[in-house]
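Colleague: Below you will find the structure I want to go over with you.
Just so it is clear, none of the values below were taken in a lab; they were calculated from the coordinates. The structure displayed is predicted, hence computed values, not measured ones. Please note: Cβ atoms are built from the backbone with ideal geometry, for glycine as well, and neighbour counts cover all protein chains shown.
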């Protein structure tokens, strides 16, 4: 397929998402099944246009003065290296291409400078989210939001139970991996350019042998800072598919004991194959809350990777940004509050409660911790500046750290997804 056919397909998929209120992944899958002539390269290029259009929906619509799927798809290409002239040339003679940019659209694009757009447009946010970003980030809020609209890299965590970074870098050399910052076991494959695609690293023999896992660098960092130490008792209270469980198991060198629990058995299901592949022998998977009762007051560390809005992952799931509502945010906050109260009882005296989200909203982060401390007894925040220095050996002004309120990672500041971590110690 030429660019014109790919662009037309992307517009069709965006229209389908709008009409049927469905996630991008579902719409892309259905389109691929009904258009089997499209090869893998075509599907990847179409997916890039769709996801770029979702990431930059506000700015693309503003530049072309049109909020329809067509303007968003064209705008995505204009915001990623194309000019109106190069697009016209690429679409010329392609019978599958949509109608080219009109004179009015070209004039609108020429007359508008995105740097002069309203902050909410530059940040590519729904209007109702702008005050939340401003509260979280102050004067930098539009830049922080805009960074969540960029294409993300592909991050890997070397499983130190089976391999080291040099071995994995060598195995994946054709994908041009590089050492990632902060952690000696982290690897990064740069964000895709143009109509390219990330390699399918999970098809690599090294992955099947358990040498590495796909895991955002920010997720690896908060798992490290949570402080799972060799020989200790750890409860991963919202383990999900087990990404942080596996990370902590490797950090503990297969010593001590990790209990991986999640209230939703479906979320927990993938953990079994992952544990076997990774060679993690110090993990017990728990699917019933009553089975945790003997752990009350006995855990050195309880990790609460709380369910959240996922606003910190909008680079990877940009459609979620436009489906989120204030009502869903309130529901998540209530859920987080209840989970914190339940998880706290498992922390032993002198132990730690680590609260993590992949959200950038204060209501799910610092405000949640402040409310917990107001109603709980015997818990106090650790010095998060010291926690960072102990974890990474250096202090950096780029990272948003509040001594008592926690640590925030963002694409703009740390090149990671958006994450929040607060660690509390029980007296």
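Colleague: Note down all Cβ pairs under 6 Å where the first residue falls in the stretch 267-295 and is in contact (Cβ under 8 Å) with a residue 40 or more places away in the chain, the second is part of a loop (DSSP other than H, G, I, E, B), and they're at least six residues apart or on different chains.
Modeller: 274/242; 277/210; 278/159; 278/210; 279/161; 279/162; 279/210; 295/346
Colleague: Look at residue 401 and say whether it is without any contact (Cβ under 8 Å) to a residue 24 or more places away in the chain, surrounded by 17 or more Cβ atoms within 10 Å (Cβ to Cβ) and touching a strand residue (DSSP E or B) at 6+ places or on another chain (Cβ under 9 Å). Break it down stepwise before answering.
Modeller: Details: without any contact (Cβ under 8 Å) to a residue 24 or more places away in the chain: yes; surrounded by 17 or more Cβ atoms within 10 Å (Cβ to Cβ): yes; touching a strand residue (DSSP E or B) at 6+ places or on another chain (Cβ under 9 Å): yes.
The answer is yes for residue 401.
Colleague: Further question: Within the stretch 304-396, which helices (runs of 4 or more DSSP H) (wholly inside it) include 2 or more residues that are surrounded by fewer than 14 Cβ atoms within 10 Å (Cβ to Cβ)?
Modeller: Working: elements: 318-323, 326-344, 366-375, 384-392.
Those helices (runs of 4 or more DSSP H) span 326-344, 366-375, 384-392.
Colleague: Within the stretch 141-153, can one find any residue that is part of a loop (DSSP other than H, G, I, E, B), in contact with a strand residue (DSSP E or B) (Cβ under 6 Å, 6 or more places away or on another chain), in contact (Cβ under 8 Å) with a residue 40 or more places away in the chain and buried (at least 16 other Cβ atoms within 10 Å of the Cβ)?
Modeller: Let us first name the residues in the stretch 141-153 that are part of a loop (DSSP other than H, G, I, E, B), namely 148-153.
Filter once more, so that each one left must be in contact with a strand residue (DSSP E or B) (Cβ under 6 Å, 6 or more places away or on another chain): 153.
Subsequent filtering for residues that are in contact (Cβ under 8 Å) with a residue 40 or more places away in the chain retains 153.
After this cut, where a residue has to be buried (at least 16 other Cβ atoms within 10 Å of the Cβ) as well, the list is 153.
Scanning the stretch 141-153 turns up at least one residue that is part of a loop (DSSP other than H, G, I, E, B), in contact with a strand residue (DSSP E or B) (Cβ under 6 Å, 6 or more places away or on another chain), in contact (Cβ under 8 Å) with a residue 40 or more places away in the chain and buried (at least 16 other Cβ atoms within 10 Å of the Cβ).
Colleague: If you don't mind, another one. Could you tell me which residue of the stretch 48-64 is surrounded by the most Cβ atoms within 10 Å (Cβ to Cβ), considering only residues that are without any contact (Cβ under 8 Å) to a residue 60 or more places away in the chain and within 16 Å of residue 120 (Cβ to Cβ)?
Modeller: So the residue we want is 60.
Colleague: Of (1) in a helix (DSSP H, G or I); (2) buried (at least 20 other Cβ atoms within 10 Å of the Cβ), residue 128 satisfies all except one. Which?
Modeller: Every condition holds for residue 128 apart from (2).
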